[in-house]
Amino acid sequence: MSKRVKAVVLAAGKGTRMKSEKPKVLHEIFNKPLVSWVLSACENAGSLENIVVVGHKGEEVSGFVSKNHPKSVCVEQKEQLGTGHAVSMAKESLKDFDGCVLVLCGDTPLITKESLEKFINFHNENSSDITVMTAILGNPSGYGRIVRDSRNNVSEIVEQKDCTEAQKAISEINAGMYCINWQRAQGFFSNLKNNNAQNEYYLTDIIKWGNTEGLKVSGYVLENPDESLGINSRAQLADAFRIMNLRHLDKLMEDGVTIVSPENTQISPETVIGADTIIFPNTFINGKNTIGKNCKIGPFAHLRGNCTIEDFVKIGNFVELKKTYVKSHTNISHLSYVGDSKVGSNVNIGAGTITANYNSITKEKKETIINDGASIGSNTVLVAPVELGKKAFIAAGSVITKDVGANALGLTRSPQKEIKNYVK
C-alpha cells in the first residue's frame, strides 16, 4: 500500500453558534486560526498537499490559506450539502492520486502531528481501505456511536437519535476524522445518497458503503479524546484554548522549565523554552518564539510573537516584546515596550523605555538596534529607525531620534527650572 498522504480539510461551515461575522475556522487560539492548527498538524505529519474545502466567506478563508500555507489549495463547496458532499469537492484534485487521504474538520485545533502519524501507521499496518478515528468517552451522549463486528472491524456509525438502547450504551464515538485508501474508496463519492431527514450527503455513510463493497473498514482509537474536540461555540473555543495551553505547559515543565503558576500562565505551543528558565505568573506568550536557558520572564510579561531570547535574559514585569531579538545576559526589567528591535548582549533597558517603531500615517514599522553593553535610562523613547552603539549610555527621560555612537552619552532634556514661591 502506498505511504503517500494528502489531506482534505473541511472548512466550509458558517459556524452559526459562534455568532460572528468571521468564518468559524478563522477564529483564533494563540493568534493562530483554527484551520491553521489543523493544516500545520497535517503538514508536520507528512501530508504532500492539503485540499481545503471552503464555502461560507470562502474568499477570506482562501486568502488566509494561500498566504500562510503554500502546500495547500482551496476548492469551493458552493452549497453546504453535508460532509460527504464537501469531500467530493476534492475529487478533481485527487483524481490521479494513489495513496492515503486524511479527512479532517477545520475546526479541530487540538489534533496533533503525533496522533495523525499513529492514525496513518495504524491504517497502513492493518491494510485497511477505510479507517475512522474514534474516541472513548465517559459520557458519549450526543455523538455517533461506533458499532464493531465480531472481527473488531467497524460495521457502521449510528447517530445518537437513531441508536437503540443497547447502542446508546456504547462509549466509543466517531471522532470525525478518516484515513481513506483513495484508489479503493473514491467510488463512494461518486454515489452519494441523501436518504436522511436533513437531505444531506453524510461522510459517515462511507463506513456502511465500504462494508457493502467488501472493503476493510477499521477504527483507530484516539489516545487522548480531547484532540477530537470540534469548535462550535465561544465556550468550546475557550475550552480548546485551556486544553492546548495546559498541554504545552506540562510539556515545558517536563523539559525543565519552571512555570510558577500554570493556572495563571498562557504560552503558545509554538514557543520553545530552554531548561532552567522561570516563567512567573500572569505571563502571556503568543505566536512563535524561542526563549533560551536560565531566563526569567514576568510576572505580567507579554510576548506577542516572533521573538528570540537568548540565555540568561531577564524580561521583567509589565514588559511587552514583539518581533525582537534579545542576546544573552540582557535585562529589560519592567514597564517597557520593545518591538521590531535587535538588542545586544549585556544591555540594560531601564523602566518605562519605549521603542516608537510605528508611523501611523505611512503604516510603516522601523527597526531599533541596541548594540552590546548599551545602557538606557528610565522613561526613554527610542524613535525608530535608530541605532545605539556599543556601550552607549542614554540619560533618563530622553527622546532619542538620531543614532548614538559607541561609548557616547545620548541626552535630550530641557533645562530644569525652579520658580520660587510658586505655590504661595
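Between R151 and Q183, what's the calculated FRET efficiency when r is the beta-carbon distance and R0 is 25 Å? Round to 0.05.
0.60
Under a plain spin-label model, where a point goes 7 Å from the Cα along Cα-to-Cβ, how far apart in nm are E364 and S345?
With each label point 7 Å from Cα toward Cβ, the separation is 3.3 nm.
Within the P(r) computed for the range 315-424, what percentage of the Cα pairs occupies the region above 17 Å?
So the portion of pairs separated by more than 17 Å is 52 percent.
Quick one, can you get me the convex hull of the C-alpha atoms of the range 348-394 expressed as volume per residue in Å³?
So the per-residue Cα hull volume is 56 Å³.
Quick check on my link table: of K22/K327; K19/K288; K366/K420; K6/K322; K3/K293; K19/K293, which ones sit more than 32 Å apart, alpha carbon to alpha carbon?
Violating the 32 Å Cα-Cα cut-off are K22/K327; K366/K420; K6/K322; K3/K293; K19/K293.
For the pair E59 and E200, how long in nm is the line joining their label points, each one 7 Å along Cα→Cβ?
It is 2.6 nm.
What is the calculated FRET efficiency for E92 to K288, with r their C-beta to C-beta distance and R₀ = 41 Å, to the nearest 0.05?
Details: r = 34 Å, r/R0 = 0.83.
So, using R0 = 41 Å, E works out to roughly 0.75.
To the nearest 0.05, what FRET efficiency results for E418 and V383 with a Förster distance of 30 Å applied to their C-beta separation?
Taking R0 as 30 Å, the efficiency between E418 and V383 is 0.55.
Of V65, S375, L203, which is farthest towards the positive pole of the chain's charge dipole, taken about the Cα centre with +1 and -1 on the beta-carbons of Lys, Arg and Asp, Glu respectively?
So the residue furthest toward the plus end is S375.
Of the options N407, Y422, G389, report the single residue whose Cα projects farthest towards the positive end of the charge dipole of the range 382-424 (beta-carbon charges: Lys, Arg +1; Asp, Glu -1).
Of N407, Y422, G389, it is Y422.
Using Cα-only point scatterers and the Debye equation, what is log10 of I(q)/I(0) for the chain at each q in 0.07, 0.13 Å⁻¹, rounded to two decimals?
-0.46, -1.08
So how strong a dipole does the range 54-165 carry about its Cα centre when Lys and Arg Cβ are +1 and Asp and Glu Cβ are -1, to the nearest 20 debye?
With Lys and Arg at +1 and Asp and Glu at -1, about 200 debye.
Please give the contour-minus-distance gain from D255 to T16: 0.36 nm per residue of separation, less the Cα-Cα distance, rounded to one decimal in nm.
Here the segment from D255 to T16 would lengthen by 82.0 nm.
Tell me the label-point distance for the pair N407, A166, using the 7 Å Cα-to-Cβ offset, in nm and rounded to one decimal.
Taking the simple label geometry, N407 and A166 are separated by 9.1 nm.
Count neighbours as other Cβ atoms within 10 Å of each site's Cβ, and list the GluC sites (Glu not before Pro) in the range 218-285 that are DSSP loop with at most 14 such neighbours.
For GluC sites (Glu not before Pro) across the range 218-285 that sit outside H, G, I, E and B with at most 14 neighbouring Cβ atoms in 10 Å, the list reads E223.
From the gyration tensor of the Cα coordinates in the range 84-211, what semi-axes in whole Å does the equivalent ellipsoid have, largest first, with each one equal to sqrt(5λ)?
23, 18, 15
Taking the Cα centre of the chain as origin, work out the dipole magnitude from +1 charges on Lys and Arg Cβ and -1 charges on Asp and Glu Cβ, in debye rounded to 20.
The calculated dipole for the chain is roughly 1540 debye.
What three numbers, in Å, describe the spread of the alpha carbons of the range 271-372 along their principal axes, ordered from the longest?
Principal-axis extents of the Cα atoms in the range 271-372, largest first: 43, 27, 23 Å.
Out of all DSSP beta bridges with both ends in the chain, state the antiparallel percent to the nearest 5.
Around 20 percent of the beta bridges assigned by DSSP in the chain are antiparallel ones.
Over the range 124-165, one equal point on each Cα, no solvent: what is log10 I(q)/I(0) by the Debye formula at q = 0.32 Å⁻¹?
-1.27
So, counting K/R as plus one and D/E as minus one, what does the shell of residues with Cβ under 11 Å around L388 add up to?
+1
Taking every DSSP beta bridge with both residues inside the range 258-342, roughly what % is antiparallel (nearest 5)?
Percent antiparallel among DSSP bridges in the range 258-342 is about 0.
Count the net charge of all other residues whose Cβ sits under 14 Å from the Cβ of N306, scoring Lys and Arg as +1 and Asp and Glu as -1.
Residues close to N306 contribute a combined charge of +3.
We did not get these values from a lab; they are worked out from the coordinates using the rules stated. It should be emphasised that the depicted structure is a prediction, and the values quoted were computed from it without experimental measurement. So basically every Cβ, Gly included, is an ideal-geometry build from the backbone, and we count neighbours across all protein chains shown.
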